[in-house]
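Heads up, the thing below is written out as structure tokens.
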Amino acid sequence: MSIFDEEIDRRNTGSYKWDVAKDVLPMWVADMDFKAAPGIQEALSKRIAHGIYGYATPTEEWAEAYMDWWGTRHQLPMEKDWLIFTTGIVPAISSIVRKLTTPAEKVIVMTPTYNIFFNSIENNGRYPLECPLHYEDGVYSIDFKLLEKLCKDPQCSLLILCNPQNPTGNIWSREELSELGRICYENHVVVVSDEIHCDITLPGKDYVPFLSVSEQCRENCVMCIAPTKTFNIAGLQTAAVCIPNPVLRHKVWRGLNTDEVAEGNAFAYDVAIAAFRTGGEWLSELREYVAGNRAYAEQYIKYEIPLLKAVHGEATYLLWIDCSKITSDSWELAGEILKLTGLFVSEGCEYHGNGRYFLRMNLACPRSRVMDGMKRLKEAVLKLSEA
């Protein structure tokens, strides 16, 4: 039995994910139902035992933990000066949008993509400029011809990249990232690369850090990284931006400090150090377990719910489900599934692009819950197809 098979009751704990009715099975927001790695729990216990939780500041060890992790695990040499602490990737992206663009300018997003990118753009008085991904035979790819056309728009100065991609699970190749980097560099469009899902890939599959691809990518990028998604510690608010270009780095540093999202709480630095220093073995086991959940769900849908099709993703713990044979309104479909069976999944509409035909399901939970979720999904689809 795996440690990840343990079913932990998260109800009545102030959980954003589990604050739902008793009969509801929440498989929506990207939040794992697994305990954090033992080394993380030990580091937090030690910090709590100290008894004083005053203002904290990044240490040499904090920067070294990031540098060692990306250097060893992702073959990306980093320098300490490239790193700036931030409370989270979303606050950082919002701050970057404010600092590197002006009101009414456009920001490119390749859709379907993480829905909160739109909040960071629109809430700051900018306009999202969609570059829909090409979708054919269950595979997503970048439309470079369209991307180049959009980058030439004089009102566009920023692109937000999801690497690896949420919700599709794509791992962008070095060649794809190189071409994207070239187009953006030549058209003076800065790339903000959200790489929060980078460590959750199928065993044997590695992602490519955007900064590692070429000189053009390195000098024209803000790479957003964190241990939070990987180690299920999002509630502790700890992340970083990595920026080799000193001019770009100074601008972003100014923005993060102006917006007061560059100072961590009393646990933010220690927990990141513990994750990167002690979490490797736990992560390897997690990747194997999540891969098993993905394989189970993909096979179940293929043979038990043939009206749907699972997009085979190589990264994240999220399953992107093609429902185009039964709906063109995934918002309505998700609502019907919830009403009929209590299964709570994300409607693809919020990710834009062709998301209106898709649902997103979180597989980072015990296998028993994945099996329960699949049965509920089948039940709902059968009822709706009969209707």
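Read the figures in this text as sums done on the coordinates, not as results from a lab. Treat the numbers as computed from the prediction; the structure is a model and nothing was measured. Quick reminder, even Gly has a Cβ in these numbers, built from the backbone with ideal geometry, and neighbours come from all protein chains shown.
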Alpha-carbon centroids, region 13-53 and region 68-108: separation in whole Å: 25 Å
Charge dipole magnitude, Cβ of K and R +1, D and E -1 - region 159-222, Cα centre, debye nearest 20: 60 debye
Total charge dipole magnitude, region 294-387, about the Cα centre, Cβ charges on Lys, Arg, Asp, Glu only, Debye to nearest 20: 280 debye
Charge dipole (debye, nearest 20) of the chain; +1 at Cβ of Lys and Arg, -1 at Cβ of Asp and Glu: 400 debye
Spin-label pair residue 173/residue 53, simplified geometry with 7 Å Cα→Cβ offset, distance in nm: 4.9 nm
Stokes-Einstein translational diffusion, region 230-340 - Kirkwood Rh over all Cα pairs, 0.692 mPa s, 37 °C, in µm²/s: 181 µm²/s
Inverse mean reciprocal Cα-Cα distance (Kirkwood Rh) of region 126-276, Å: 16.7 Å
Cα principal axis extents for region 19-63, largest first, Å: 45, 24, 22
222 nm mean residue ellipticity, helices alone, for the chain (DSSP H n ≥ 4; -39,500 (n - 2.57); rounded to 500): -12500 deg cm²/dmol
Dipole of region 130-231, positive direction: furthest Cα of 170, 135, 159, with charges on the beta-carbon: 159
Solution diffusion estimate, µm²/s, Stokes-Einstein, region 102-144, Kirkwood Rh from C-alpha pairs, 37 °C, viscosity 0.692 mPa s: 293 µm²/s
Where trypsin sites (Lys or Arg not before Pro) fall in DSSP loop in region 61-106, at most 10 other Cβ within 10 Å: none
FRET efficiency, residue 61 to residue 123 (Cβ-Cβ, R0 56 Å, nearest 0.05): 0.95
Label-reachable residues, region 60-102, where backbone N falls under 17 Å from a point 7 Å from residue 284's Cα toward its Cβ: 69-70, 72-75
Reciprocal mean inverse distance between Cα atoms of region 6-100 - Kirkwood radius, Å: 17.4 Å
Net lengthening on full extension, residue 383/residue 16 (0.36 nm per residue, minus Cα-Cα): 129.2 nm
Among 197, 74, 250: highest mean-square fluctuation, GNM of the chain, C-alpha pairs under 10 Å: 250
Tail fraction, Cα-Cα pairs, region 237-302, threshold 20 Å, whole percent: 57 percent
Farthest toward positive dipole pole in the chain [+1 Lys/Arg, -1 Asp/Glu at C-beta], among 185, 258, 297: 258
Gaussian network model of the chain, Cα within-10 Å springs - most flexible of 75, 165, 216: 75
Alpha carbon centroid spacing (whole Å) that separates region 329-343 from region 167-190: 35 Å
Region 80-191 shape via C-alpha gyration tensor axes, a/c threshold 1.5: rounded
Convex hull volume of region 126-207 per residue (C-alpha atoms, cubic angstrom): 103 Å³
Förster radius 22 Å - calculated FRET efficiency between residue 215 and residue 149 (Cβ-Cβ, nearest 0.05): 0.35
